[in-house]
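Structure first, commentary second.
Every read-out reported here was derived from the displayed coordinates using simple, explicitly stated rules and does not represent laboratory data. Note that the coordinates shown come from a computational prediction; the quantities given were computed from them, not determined experimentally. For neighbour counting, all protein chains shown are included, and Cβ atoms are generated from backbone atoms with ideal geometry for every residue, glycine included.
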Amino acid sequence: MHVPALTDLPKIVDLFAGPGGLDMAAHALMIPAVGIEWDDDACKTRHRAGLSTEHDDVRKFGPGSFPSADILAGGPPCQTFTVAGSGAGRRALDQVIGFARRMAAGEDIRAELSELDDERTGLVLEPLRWAIEAIALGRPYQTIVLEQVPAVLPVWAEYRRILEDKGYVANHGVLHTEEFGVPQTRRRAILIARLRDPKASAPVVVELPKPTHQRFHKHNGAPQIAFDSGLATWVTMGDVLNRRAPFEVVSNYGTGGDPKNRGRRTHAEPAFTVTGKISRNRVIDSRIANPSANDYTRFDNSEAGLLQTFPAGYPWAGNAVAQQIGNAIPPRLGVHVLAAALGLGTEDIAAALKRLENWEAPAQPGPVESDVR
């Protein structure tokens, strides 16, 4: 079943939209969305997928450019904050939090952002700029949804304090993707904020989504399943990949600080975190006792996308596809997060996940321009 590109004016404006993880979740929930993305390759994928896109720099726009949107979403670039990256963002956390406080007080700190070791670090402040500008315009966003790597959690905590001072109710925390049916272990820092309604008879309550699956962990090298948890068992690589033989994945990364100690997982376990280096992981038929270098294969782009819960036929395009996939939020997680942010129920989530599973690329590429004025 093909879910066509939505043509209504967007309700969601998605900053740093990448190849479409959150936008696919929005479409599955039947909510019009537009994404802002500067990367040429990601925009090629989005166009082929029929996702409404503004191909440009987020810093050139603001809430006045998308007057129909009342939901702000975004996943700022994580490269400077992730453990696998340069670490410039982690080193600048206190500075970034200081910038956020000054922005909330009405200061213009844009010129100072150029002093950061890596300009990408300052992009984590863009959603706050948008939120503050929307309030100043008298059209505050009704809902705000942000995601990043766990290292950014202190920034989200400061965002929460600022937004609550400005009339929102907010919550933040770290979610484990396998607890939402994503066949990989991946941790994401999530912030959800909803505008208070002074006329409402009951207070606004904002909660993070509740897990539907068990968290993956091992004991003495074996996966541990809590049979009395009431939750489904995690989804495995073998559940979603069409590989007939049992297989083992050898990670490109070392474990325990030892680059030579490559992590290993079988087809009966979730994948390691899908990163832009997933194409470097080695996959081998488990029936081969002593594999040689020629016995290893690699995940192709479709398989990597499936591990991120993109549909099997998602039309990846451009270059650096593995990097596009690794940068994206898993659409399935996006469905749960957006549903929690908007107060949707289990029936809405189930219907959205079915639409996501049955999605097909449109015969004609979707719109490239948004409702920018």
statement: Helix 331-342: inclination vs the chain longest Cα principal axis, degrees, rounded to 10, gives 30 degrees
Nearest-ten-degree value, helix 153-165 long axis tilted from longest Cα axis of the chain: 30 degrees
message: Between Arg110 and Arg262, what is 0.36 nm times their sequence separation minus the Cα-Cα distance? Round to one decimal in nm.
response: 50.5 nm
message: Can you give me the Kirkwood hydrodynamic radius for the stretch 264-373, using every pair of distinct Cα atoms, in Å to one decimal?
response: 16.5 Å
task: Rounded to the nearest 500, what is the 222 nm mean residue ellipticity of the chain from helices alone, with -39500 (n - 2.57) per DSSP H run of 4+ residues and division by all residues?
output: -7500 deg cm²/dmol
- request: At 0.36 nm per residue, minus the direct Cα-Cα distance, what do Asn294 and Val204 gain on full extension? Give it in nm, one decimal, please.
  value: 26.6 nm
In order through the stretch 222-232: 3J(HN,Hα) via Karplus (6.51 cos²θ - 1.76 cosθ + 1.60), integer Hz, x for Gly, Pro: 10, x, 10, 10, 8, 5, 9, 6, x, 9, 5
- prompt: Of Ser201, Ser302, Ser286, Ser114, how do they rank once you tally other Cβ atoms within 10 Å and put the fewest first?
  reply: Ser201, Ser114, Ser286, Ser302
message: Rounding to the nearest 10 and keeping the result within 0 to 90°, find how far the Cα-based axis of helix 346-357 lies from the longest principal axis of the chain.
response: 60 degrees
message: For the chain, what does the relative contact order come out to in percent, with C-alpha contacts under 8 Å and a separation of six or more?
response: 23 percent
task: Taking just the C-alpha trace of the stretch 218-310, give me its Rg and Dmax in Å.
output: 13.9, 43
- line: For 270-282, 221-233, ranked highest to lowest by mean beta-carbon neighbours within 10 Å, the order is 270-282, 221-233
message: Of Ala151, Ile190, Ala222, which is farthest towards the positive pole of the chain's charge dipole, taken about the Cα centre with +1 and -1 on the beta-carbons of Lys, Arg and Asp, Glu respectively?
response: Ala222
nm² value of the averaged projected area, convex hull over the Cα atoms of the chain: 20.0 nm²
